[in-house]
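Here the structure comes first, spelled out in structure tokens, and everything after it is commentary.
Every number in this text was worked out from the coordinates using simple rules, so none of it is lab data. This is a predicted model, so every value here is computed, not measured. Here the Cβ is made from the backbone with ideal geometry for all residues, glycine too, and neighbour counts use every protein chain on show.
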């Protein structure tokens, strides 16, 4: 009897020791700034303003620039692993809007400092870049990037463009969904010299009717998602053959316009707008 | 009758800019809606009699969940064009599974069929939830399948196949109607029916297979549209009284008219189109209560 008691006491102490050991933070892990970025847009912005070396965790969608892919993954945009985030001991977690509103709340409950940025327009993006620069201490670089972005945007706006072509942007195929001028993509198309056929929609991203697309008769169709929807499949849609863009073969897919360049609010949008401007000016 | 002509006219013409849109977009949608309405009303009626259960509807034997699972699987794996085929295969596999489950233990009756159907349906629902959980990007597509969408955009090839499928479905519907006189005898009880020389088990199998194929087709093309199949047969029975011979046809017609009306509302009531499955319940519930109150 006594022996058994002694043994169980020993096991208990051993367990306690193990738990305590696993809890104590290893000293090498604590460095000055440790950021976790849950949105691909913000990861791109932080990388563009020289903050990559302090990022310790990203989500699976953060695929640009390529060196982010080696960083530890803490889940994906819609679903993160909280234990993983806690274990990485971040000093700041960068979150976005949409599904991530909830994530921001949850992180605050866990006493993890967060910074939420969800730029919905080009102006907001430029402001966000400056603010993020202040937060991570690369203010100089951030202001430089922001200033040069503004100059580039002005240049694009000034470029003479003939008649604005009407444009239909399809962001989803079933149900078909498009964007309004209030959305980021809508603003990008508008700035690059296109005339969005759905400038007014009840929401920024909204379901639209096939008959409305046919009625608006766009001169250009841009497909951003998903990749397996080809220009060919759009041409074969029943009743769509009367649309000008289909008759003149002006349907552009991910092969011509990388969707990330026009959907994500990042400095790369300049590249995207230049591509769009070129396509809009082709006759 | 007058009402259905008016509603079809409005369905085709309301807000349409020109003839091209009516012919190429609205007419195909009308054909799809008619088919789905016929099937839901007709199959709902047959199921309620075959299972001798007032709660029966075309989706109760799990076929819809299996078909939806197939469709969602096709969407998620990127084979978007194959969605109807996957949906139909899902329905067939579910049908075989349910039928063989209901024969476990060596004997078969309608309660076991009902239970097997519900269990298999629940299992596929769980699988669907799992797919949704891991594929939140495709949520728009999945909502279309789970809440119904008659605004499918056909390509020319898909349309050709659909016309063939429409023909096959019509033949199956007629067959189902021809069986309905035998089916009506089932309401007097299995024993009586057997004594009248009806092979009850064979009859149930036939109806189950035909109905499953029809339901599978509708889910594959239009997703799950609840309520029509449950309520329309009740309404027609209440309105038509004792004449059982034609209640199935009335059910099918009633299903089509109600669905066209609901889809019309879904298309036009808000700036953004609503899922038709939501509208059917919104319109159908008060209507059902009204009929019930009037027929007390």
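Inter-label distance, residue B:18 to residue A:248: 1.7 nm, where each label sits 7 Å from its Cα along the C-beta direction. By DSSP, the beta bridges lying fully in the range A:128-283 are antiparallel in about 40 percent of cases. Among A:139, A:69, A:41, the ranking by other beta carbons within 10 Å of each residue's beta carbon, starting with the fewest, stands as A:69, A:139, A:41.
Working from Cα pairs under 8 Å separated by at least six residues, relative contact order for the range A:31-119 is 30 percent.
Three principal axis extents of chain B based on alpha-carbon atoms, in descending order, are 61, 46, 35 Å. What the Cβ-Cβ distance of residue A:127 and residue A:282 gives, at R0 = 45 Å and to the nearest 0.05, is a FRET efficiency of 0.85. Mean per-residue shielding of peptide A:164-177 is 3, counting Cβ atoms of other chains within 10 Å of each Cβ. Projected onto planes of every orientation and averaged, the convex hull of the alpha-carbon atoms in the range B:74-156 covers 6.8 nm². Per residue of peptide B:15-23, the mean number of Cβ atoms on other chains within 10 Å of the residue Cβ is 4. Going by neighbour counts of Cβ atoms within 10 Å, the residues A:44, A:154 line up, fewest first, as A:154, A:44. Each of B:155, B:170 was scored by other Cβ atoms within 10 Å of its Cβ. Arranged with the fewest first, they read B:170, B:155. Helix content alone sets the calculated 222 nm mean residue ellipticity of chain B: runs of n ≥ 4 DSSP H residues at -39500 (n - 2.57) each, divided across all residues, give -25000 deg cm²/dmol.
Shown is the FRET efficiency for residue A:53 and residue A:158, computed with R0 = 35 Å from the Cβ-Cβ distance and rounded to the nearest 0.05: 0.40. The DSSP beta bridges internal to the protein assembly as shown are antiparallel in roughly 30% of cases. If R0 is 30 Å, the Cβ-Cβ spacing of residue A:182 and residue A:63 corresponds to a FRET efficiency of close to 0.65. A crude spin-label estimate for the pair residue B:287 and residue B:156, with each label 7 Å from Cα along the Cβ direction, gives 3.7 nm.
Value of Rg to Rh for the range A:162-281, rounded to two decimals, is 0.92; Kirkwood radius and Rg both from alpha-carbon coordinates. Computed over every Cα-Cα pair of the range A:78-217 and binned at 10 Å starting from 0, the pair-distance distribution P(r) comes out as 10, 28, 28, 23, 9, 1 percent.
Volume of the convex hull of chain A (Cα atoms only), normalised per residue: 169 Å³.
Multiplying the residue separation of residue B:294 and residue B:31 by 0.36 nm and removing their Cα-Cα distance gives an extension gain of 91.4 nm. If a spin label sat at a point 7 angstrom from the Cα of residue B:278 along the line to its beta carbon, the backbone N atoms of the range A:178-193 nearer than 20 Å would be those of A:178-180. Counting pairs of Cα atoms in the range B:56-224, how many percent are more than 21 Å apart? Summing the P(r) tail past 21 Å for the range B:56-224 gives 51 percent. In the range A:36-136, the C-alpha radius of gyration followed by the widest Cα-Cα span (Dmax) gives 12.4, 36 angstrom. Computed over chain A, relative contact order equals 14 percent, with contacts defined as Cα pairs under 8 Å that lie 6+ residues apart.
Once label points are set 7 Å from the Cα along Cα→Cβ at both residue B:119 and residue A:143, what is their separation, rounded to one decimal in nm? It works out to 7.2 nm between the two label points.
Based on alpha carbons, the Rg and Dmax found for the range B:197-296 are 15.8, 57 Å. Averaging 1/r over each pair of different alpha-carbon atoms in the protein assembly as shown and inverting the result gives 27.5 Å, the Kirkwood hydrodynamic radius.
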